[in-house]
Protein chains: 2
Amino acid sequence: MTGPRLSRRSALGLIGAAGAAGVAGGFTAGAARGDDAPSTTDLVVPFRGKHQAGITTAVQQHLYFASFDMTSTAGREELKSLLADWTAAAARMTRGQDVTDEGAVGGGPYKPPDDTGEALDLQANALTITFGFGPTLFEDADGRDRFGIADRRPKELVELPSFAFDLLEDRFSGGDLCIQACANDPQVAVHAIRNLSRIAFGRAQVRWTQLGYGRTSTTSKAQATPRNLFGFKDGTANIFGSDGSDLATSVWADDSDQPWLDGGTFLVARKIQMLIESWDRVRLEEQEAIIGRDKGEGAPLSGGTEFTEPKFDVFSTKAGGPAIPMDSHVRLAHPDHNGGARMLRRGYNFVEGNNDLGQLNAGLFFLAFVRSPQQFIDVQRSLAKDTLNEYIRHIGSAIFAVPGGIRAGDSVGSGLF
Amino acid sequence: MTGPRLSRRSALGLIGAAGAAGVAGGFTAGAARGDDAPSTTDLVVPFRGKHQAGITTAVQQHLYFASFDMTSTAGREELKSLLADWTAAAARMTRGQDVTDEGAVGGGPYKPPDDTGEALDLQANALTITFGFGPTLFEDADGRDRFGIADRRPKELVELPSFAFDLLEDRFSGGDLCIQACANDPQVAVHAIRNLSRIAFGRAQVRWTQLGYGRTSTTSKAQATPRNLFGFKDGTANIFGSDGSDLATSVWADDSDQPWLDGGTFLVARKIQMLIESWDRVRLEEQEAIIGRDKGEGAPLSGGTEFTEPKFDVFSTKAGGPAIPMDSHVRLAHPDHNGGARMLRRGYNFVEGNNDLGQLNAGLFFLAFVRSPQQFIDVQRSLAKDTLNEYIRHIGSAIFAVPGGIRAGDSVGSGLF
């Protein structure tokens, strides 16, 4: 690296002990990541460790997510080389470095720069890059095993079933591979996906991408609970990155049929359009009954404060029934009514202009990490009765197996081969 | 306001002297806004003053911009009441308050909340709300003077002419009115536009909106120069908010034919798609020749550092011609080659998924404030020879007259009536 990239280089001096250990030692406790201060620009989140970063990591402010399909001519060797190249580039970028040693301006005048350069002066900003594999990577729609890895497919990695109220569009759904980039500066996340897409040229191509402009969940007790576009706090009951036993029970897929999934998890992505203008015409009482919480504080309608556990058997004389209505979101989504299932959520708000009626194209890009996709399926089936369905539409859907952490010298997905 | 909105209320305690003066005194020097620290969450930028905020204000991290059309049934009284309602709501939101006193949860259970609530726990985040009027507000496409204000149209407020390489789409162009919301938290900017759209119901409707995820310009010497999606520093030669004489010469339209435009300006908005994948295949030397600056440092190719003035008569033996090529962007856009025209730019990057070929829908949402639209027209015509045109497409265009600052007790645009 040469002179002009001083700002990115200087970030290296700020990694500190945790980052250095993460790089050199190969293993860093996932829990240690959970409570990082989320908003510093110079924070480096270790890329290598027991688990991939970006799962229990304190949720960063911005997301750029991409789903990829392998190209029609790519075979086993192309997939292997792609994963190796992606790993090398991700390891560098998460340290705040350019994508290669030659970077944006160091490769000389006579070739396109290795790095696209728009993050040249930006530090790591807690960038995490998390990789996942979709069902079609193992067996495509025609039943072909394009990469000779059909026997490495976790038996639970199958397309999600249809749900009531699904209005899925192909252009927001599926994919052979996914990359989740989260950072406290949006340009850093966009830069990461753009450069990884560029590296994939000829081997994989972007299927769909999603910009999340603001987080709706928190995985750290140090973070305030953010609000979704319906104005309600979201993620109050989320699993925190420091909740070791909850993570073991609900997130890490250590007992799957595939050893390469040890320390890994499943990722469910749903693009949920929110019918903002309709919601905004609902009176406060009804909004709160639909959600099952009060809007200002976020407390369950059975009483208490934001972090009080909902009491589903509390009767309300005024409501003439349960204080938390039978068809409320909180009741139907609660682990008590779903066999104890909990999900580690990492959703982001999105806003993408407006439709021809002047209504906002906006909503929630729902991301959840689960030990088994069945956790999501059970909750989503339970939500068929949710009155919230009047105000939302699921328009995109994808599922990915997220391999365990990447050890020093290794590449993501090496266990597939 | 009641208890649950403590966080928004607490922001009020943090306004400090500048905010209080802006609110109470009616006038605050525009220049004083230029060098505010840009990134604090509790910063309140005075809404009222000699000029509207959001022009010379140190550029915030995030933008949400909306263009509106008046509804077919709205007349003069509806326009007047809309502008009054918008002014009242904007004054509150820029102080970090809910949109009305009753706000998101204070209006009781039996009506839809006045405020949509997603910014309940967020502070002002330097929110600025800037209003503008399009040519069609004064005379629509059929030549009708719908609001009885045709004689208040500034003579320079006409649709922009066609330029070489324009590929404009109606869905990103035009509008009777515009609102620019800038803030250091994207949810705060989105909340502002959403609530102003809601207030407009029945009187005006959204025509198009644009989310800008990261700034590409700076109007303050305290801000580092950001990079656009081609990886180059953008806005190096921008006018700073503290440059009083430059602002008087190039930005404030104090000599227009309309007194209501005193202290105001013209706003040109252009949605510029950048052909990212094509650009990324260009060798570094050619990228730098196209821009006329080096990529790492941002110095003009005639030598020096980022802030060195370009020397257009320096000869390069290597290039066999001018060091800064004749068809380079810096040369063609420079004031020396455009009758001294300078623009106060306030652009933002955008990324909106990808097209069917997997290419990014990404680029620059160009915003410039000018004393006369002719400044933009001259530069844009000069840029017809710009080799950069191979890598960009203008897909949206709009022009607005931005009235002067709003005095205490007054509403934006009161001078129209």
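The values are calculated or read from the model by the stated rules, or taken from the named source; none is laboratory data. Computed from a prediction, not measured in an experiment: that's the story for all the values here. Backbone-built Cβ (ideal geometry, glycine too); neighbour counts: all protein chains shown.
Tally the residues that are of a type in the set (A, V, I, L, M, F, W, C) and in contact (Cβ under 8 Å) with a residue 60 or more places away in the chain, restricting the search to the range A:324-352.
5
Considering every residue within the range B:366-375, establish whether at least one is of a type in the set (Lys, Arg), touching a residue at least 24 places away in the same chain (Cβ under 8 Å) and over 29 Å from B:Phe131 (Cα atoms). Let's see the steps before the verdict.
Within the range B:366-375, the subset of a type in the set (Lys, Arg) is B:371.
Filter once more, keeping what is touching a residue at least 24 places away in the same chain (Cβ under 8 Å): B:371.
Checking which are over 29 Å from B:Phe131 (Cα atoms) leaves us with none.
No.
If A:Thr317 satisfies every condition in (1) more than 13 Å from chain B (Cβ to nearest Cβ); (2) at pLDDT below 95; (3) in contact with a Ser or Thr (Cβ under 7 Å, 6 or more places away or on another chain) but one, which is the exception?
(3)
Collect the residues in the range B:292-315 that are out of contact with any helix residue (DSSP H, G or I) (no Cβ under 9 Å at 6 or more places or on another chain), more than 18 Å from B:Thr218 (Cα to Cα) and part of a loop (DSSP other than H, G, I, E, B), keeping them in residue-number order.
B:Ser302, B:Gly303, B:Gly304, B:Lys311, B:Asp313, B:Val314, listed by residue number.
Scan (1) within 10 Å of another protein chain (Cβ to nearest Cβ); (2) not in a helix (DSSP H, G or I) for the single condition B:Ala289 breaks and write down its number.
B:Ala289 satisfies all of (1) within 10 Å of another protein chain (Cβ to nearest Cβ); (2) not in a helix (DSSP H, G or I) except (2).
Here's a check for you: in the range A:301-352, which residue that is surrounded by 15 or more Cβ atoms within 10 Å (Cβ to Cβ) and among the β-branched types (Val, Ile, Thr) is farthest from A:Ala269 (Cα to Cα)?
A:Ile324
What is the residue count in the range A:290-300 for residues that are more than 16 Å from B:Gly103 (Cβ to Cβ) and surrounded by fewer than 23 Cβ atoms within 10 Å (Cβ to Cβ)? Break it down stepwise before answering.
Going residue by residue through the range A:290-300, those that are more than 16 Å from B:Gly103 (Cβ to Cβ) are A:290-293, A:299-300.
Next, only the ones that are surrounded by fewer than 23 Cβ atoms within 10 Å (Cβ to Cβ) stay: A:299.
Residues in the range A:290-300 being more than 16 Å from B:Gly103 (Cβ to Cβ) and surrounded by fewer than 23 Cβ atoms within 10 Å (Cβ to Cβ): 1 in total.
Tell me, which residue of the range A:167-180 that is closer than 19 Å to A:Phe131 by Cα and more than 12 Å from every other protein chain (Cβ to nearest Cβ) is nearest to the chain's Cα centre (by Cα)? Spell out how you get there, then give the answer.
Filtering the range A:167-180 down to residues closer than 19 Å to A:Phe131 by Cα leaves A:172-180.
If we keep only those that are more than 12 Å from every other protein chain (Cβ to nearest Cβ) too, we end up with A:173-174, A:176-180.
Values: A:Ser173: 15, A:Gly174: 15, A:Asp176: 16, A:Leu177: 13, A:Cys178: 10, A:Ile179: 9, A:Gln180: 6 Å.
If we take residues in the range A:167-180 being closer than 19 Å to A:Phe131 by Cα and more than 12 Å from every other protein chain (Cβ to nearest Cβ), then A:Gln180 is nearest to the chain's Cα centre (by Cα).
Taking the condition in contact with a Phe, Trp or Tyr (Cβ under 9 Å, 6 or more places away or on another chain), of a type in the set (Val, Ile, Thr) and over 25 Å from B:Gln61 (Cα atoms), does B:Ile199 pass?
Values: in contact with a Phe, Trp or Tyr (Cβ under 9 Å, 6 or more places away or on another chain): yes; of a type in the set (Val, Ile, Thr): yes; over 25 Å from B:Gln61 (Cα atoms): yes.
Against the criterion (in contact with a Phe, Trp or Tyr (Cβ under 9 Å, 6 or more places away or on another chain), of a type in the set (Val, Ile, Thr) and over 25 Å from B:Gln61 (Cα atoms)), B:Ile199 qualifies.
Being out of contact with any strand residue (DSSP E or B) (no Cβ under 8 Å at 6 or more places or on another chain) and hydrophobic (A, V, I, L, M, F, W, C) is the filter here; which residues of the range A:252-306 pass it?
A:Trp260, A:Trp279, A:Val282, A:Leu284, A:Ala289, A:Ile290, A:Ile291
When the residues of the range B:93-118 are filtered to those that are away from chain A (no Cβ under 14 Å), touching a helix residue (DSSP H, G or I) at 6+ places or on another chain (Cβ under 7 Å) and of a type outside the set (S, T, N, Q), which remaining residue is farthest from B:Gly415 (Cα to Cα)? Before you say what the answer is, go through the steps one by one.
The first filter runs over the range B:93-118 and keeps only residues away from chain A (no Cβ under 14 Å), leaving B:93-97, B:101.
Subsequent filtering for residues that are touching a helix residue (DSSP H, G or I) at 6+ places or on another chain (Cβ under 7 Å) retains B:93, B:95-97.
Subset that is of a type outside the set (S, T, N, Q): B:93, B:95-96.
Working: B:Met93: 23, B:Arg95: 25, B:Gly96: 27 Å.
Applying the filter and picking the extreme gives B:Gly96.
Among the residues of the range B:149-181, what is the count of those that are part of a loop (DSSP other than H, G, I, E, B) and of a type outside the set (Asp, Glu)?
Residues of the range B:149-181 part of a loop (DSSP other than H, G, I, E, B): B:149, B:153-165, B:167-169, B:173-176.
With of a type outside the set (Asp, Glu) added as a condition, the list becomes B:149, B:153-155, B:157-158, B:160-165, B:167-168, B:173-175.
Number satisfying all stated conditions: 17.
Does at least one position in the range A:217-225 carry a residue that is modelled with pLDDT under 95, facing another protein chain (nearest Cβ under 10 Å) and under 13 Å from the mean Cα position of the chain (by Cα)? Break it down into steps so the answer makes sense when it comes.
Narrowing the range A:217-225 to residues modelled with pLDDT under 95: A:217-225.
With the extra rule that they be facing another protein chain (nearest Cβ under 10 Å), the set shrinks to A:224-225.
Restricting the remaining residues to those that are under 13 Å from the mean Cα position of the chain (by Cα) gives none.
No, the conditions are met nowhere in the range A:217-225.
For the structure I just gave you, tell me whether B:Asp121 is within 14 Å of chain A (Cβ to nearest Cβ) and more than 22 Å from the chain's Cα centre (by Cα). Outline the logic, then answer.
Numbers: within 14 Å of chain A (Cβ to nearest Cβ): yes; more than 22 Å from the chain's Cα centre (by Cα): yes.
So B:Asp121 fits the description; yes.
Could you grab me the full set of residues in the range B:61-97 that are among the aliphatic types (A, V, I, L, M), more than 28 Å from B:Phe350 (Cβ to Cβ) and not in a helix (DSSP H, G or I)?
The one that is among the aliphatic types (A, V, I, L, M), more than 28 Å from B:Phe350 (Cβ to Cβ) and not in a helix (DSSP H, G or I): B:Ala74.
What are the pairs, 6+ residues apart or on separate chains, where a residue within the range B:396-417 that is under 30 Å from B:Gln273 (Cβ atoms) has its Cβ under 6 Å from a residue that is of a type in the set (Lys, Arg) and surrounded by fewer than 24 Cβ atoms within 10 Å (Cβ to Cβ)?
Hits for this filter: B:Gly396/B:Lys271.
Suppose we filter A:Ala126, A:Ala90, A:Ala183, A:Ala164 for residues that are within 14 Å of another protein chain (Cβ to nearest Cβ), among the aliphatic types (A, V, I, L, M) and either out of contact with any Gly (no Cβ under 8 Å at 6 or more places or on another chain) or surrounded by fewer than 19 Cβ atoms within 10 Å (Cβ to Cβ) (or both); which single one remains? Please lay out each step first, then the result.
On the way: A:Ala126 fails: within 14 Å of another protein chain (Cβ to nearest Cβ); A:Ala90 fails: within 14 Å of another protein chain (Cβ to nearest Cβ); A:Ala164 fails: within 14 Å of another protein chain (Cβ to nearest Cβ).
When all the criteria are applied, what remains is A:Ala183.
Among the residues of the range B:355-395, how many are surrounded by 23 or more Cβ atoms within 10 Å (Cβ to Cβ), closer than 30 Å to B:Thr87 by Cα and among the small types (Gly, Ala, Ser)?
Qualifying residue count for the region: 1.
For (1) buried (at least 24 other Cβ atoms within 10 Å of the Cβ); (2) at pLDDT 95 or above, each residue gets a yes or a no:
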position: A:Met70; (1), (2): no, yes
position: A:Ala74; (1), (2): no, yes
position: A:Leu79; (1), (2): yes, yes
position: A:Leu83; (1), (2): no, yes
position: A:Gly106; (1), (2): no, no
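Any idea how many residues of the range B:235-253 are touching a Leu at 6+ places or on another chain (Cβ under 8 Å) and in a loop (DSSP other than H, G, I, E, B)? Don't jump to the end; show me each part of the working.
Initially, the range B:235-253 is screened for residues touching a Leu at 6+ places or on another chain (Cβ under 8 Å), giving B:238-239, B:241, B:247, B:250-251, B:253.
Among the residues that remain, those that are also in a loop (DSSP other than H, G, I, E, B) are: B:238-239, B:241, B:251, B:253.
So the answer is 5.
Return yes when B:Leu364 is over 30 Å from A:Phe65 (Cβ atoms) and either within 11 Å of chain A (Cβ to nearest Cβ) or modelled with pLDDT of 95 or more (or both) and no when it is not.
On the way: over 30 Å from A:Phe65 (Cβ atoms): no; either within 11 Å of chain A (Cβ to nearest Cβ) or modelled with pLDDT of 95 or more (or both): yes.
No.
Within the range B:226-245, which residues are within 18 Å of the chain's Cα centre (by Cα), farther than 26 Å from A:Leu63 by Cα and modelled with pLDDT of 90 or more?
B:Ile239
Only one residue in B:Asn238, B:Asn228 is facing chain A (nearest Cβ under 10 Å) and touching a residue at least 40 places away in the same chain (Cβ under 8 Å). Which one?
Numbers: B:Asn238 fails: facing chain A (nearest Cβ under 10 Å).
Among B:Asn238, B:Asn228, only B:Asn228 is facing chain A (nearest Cβ under 10 Å) and touching a residue at least 40 places away in the same chain (Cβ under 8 Å).
Taking the residues in the range A:196-216 that are in a helix (DSSP H, G or I) and more than 9 Å from chain B (Cβ to nearest Cβ) as candidates, determine which candidate is surrounded by the most Cβ atoms within 10 Å (Cβ to Cβ). So that I can check it myself, show each step before the final result.
Here is the first cut: in the range A:196-216, the ones in a helix (DSSP H, G or I) are A:196-199.
Next, only the ones that are more than 9 Å from chain B (Cβ to nearest Cβ) stay: A:196, A:199.
Working: A:Leu196: 24, A:Ile199: 19.
Per the stated criteria, the residue is A:Leu196.
Could you please let me know if A:Ala253 is within 25 Å of the chain's Cα centre (by Cα) and within 11 Å of another protein chain (Cβ to nearest Cβ)? Don't jump to the end; show me each part of the working.
On the way: within 25 Å of the chain's Cα centre (by Cα): yes; within 11 Å of another protein chain (Cβ to nearest Cβ): no.
For A:Ala253, the condition - within 25 Å of the chain's Cα centre (by Cα) and within 11 Å of another protein chain (Cβ to nearest Cβ) - is not met.
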